[in-house]
1. Can you tell me which of 40-46, 156-162 comes out highest on packing, and rank the rest after it, using the mean Cβ neighbours within 10 Å?
2. Calculate, for residue 167 and residue 259, the FRET efficiency according to 1/(1 + (r/R0)^6) with r their C-beta to C-beta distance and R0 30 Å; round to the nearest 0.05.
3. Using the Cβ atoms and a cut-off under 13 Å, what net charge is assigned to the surroundings of residue 34, where Lys and Arg are +1 and Asp and Glu are -1?
4. Give me the one-decimal nm value for the distance between modelled label points at residue 292 and residue 97, 7 Å along each residue's Cα-to-Cβ direction.
5. Please work out how much length the chain gains when fully extended from residue 49 to residue 274, using 0.36 nm per residue of separation minus the C-alpha to C-alpha distance, in nm with one decimal.
6. Taking the highest mean first, how do the peptides 142-149, 165-172 order by number of other beta carbon atoms within 10 angstrom per residue?
7. Using Cβ contacts closer than 10 Å as the measure, can you line up 263, 86 from fewest to most?
8. In nm, to one decimal, how far is the modelled label at residue 157 from the one at residue 252, with both set 7 Å along Cα→Cβ?
Amino acid sequence: MKVANKARHGLIFLLVVGMSSPSMAAARATQVGPRPTLEQPPTVEHFATTAEALKQVLAIPARVVAFGEYHQTTQTAEIRSSLARFTAELLPQVAKLSTDLVVETWVADGRCGKQEDKVVAEVQTTTERPPETESEIVTLLKRAQAAGVAPHILKMSCKDYASVTTKDGDTDFIKMLTLTRQRLQGEVSRYLSASLPADGKGARIVAVYGGALHNDLYPAPSHRFFTFGPTLFAKTKGQYLEVDLFVPEYILTDKRMATEPWFASFKVGVKAGDAMLIRRSERSYIIVFPLTAHPAPPSSSAPLAPQ
């Protein structure tokens, strides 16, 4: 497994300046029973906008909608990110149905000394995120709150930084991904319980935004410790939706993506001005943004103060 590639799909960090090996308990947490059958081949629909594609998905009853992106890197910084597009194009629909939005990010505020500094620096190097990512996350959090949705980020303690640091002082990304899954799953579970009315009726969605790894409903065996999808599917009694968001230019040359069953249909059908909705199962979808005819300039926002 290539850790750099894994981190790119699975981690977002907001840098203001998540155990030895997975336990048997963690393994049991991912063994939660059957999920909807994957469709062979996946079905593909085309829409004029991504908002129209999402509207079709959100018509499906759900308690948790987990959005996963393929992260932007410095090499693709001239092409508008999934994060910015989600905020501008899709958040308004999500906000109408949601009580809470959990975002896969946390603030590094310097309280944990050299271990924190080392983890932050290595994550920055590995994920290759452009500087604009920080302001785009801030914009998402602010717009969610303005729309009446409670935004939440993760918390990282000094003990957490120590737990993902090897004896040699390096960052163990396997532990980091496992910790991140645990934190996301815990936060979603917390707000999921709070959003359920006493009579059990009129419950609203808890939305999650992060990398297209932790939300997987059908993880590869080697990824099963990094995803909350199967566990939250069971917790919500099937009321779970996985929605991956892909900027086509980011994935067209990705060799790992090219092995996916839906990739051939995507490559044939993707075009400028046309959004794609790929259905992998009744609970797992991919929204592909239109090809970018003219790359948009990066968005800007005020920096987020330490919490």
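Just so you know, all these numbers are worked out from the coordinates, no wet-lab data involved. This is a predicted model, so every value here is computed, not measured. Cβ coordinates were reconstructed from backbone atoms using ideal geometry, including for glycine residues, and neighbour counts include every protein chain displayed.
1. Listed from highest to lowest mean packing, they are 156-162, 40-46.
2. 0.30
3. So the environment of residue 34 carries a net charge of +2.
4. The modelled label-to-label distance comes out at 2.8 nm.
5. Extra length from residue 49 to residue 274 when fully extended: 80.3 nm.
6. 142-149, 165-172
7. In order of increasing Cβ crowding within 10 Å: 263, 86.
8. Placing both labels 7 Å beyond Cα along the Cβ direction yields 4.7 nm.
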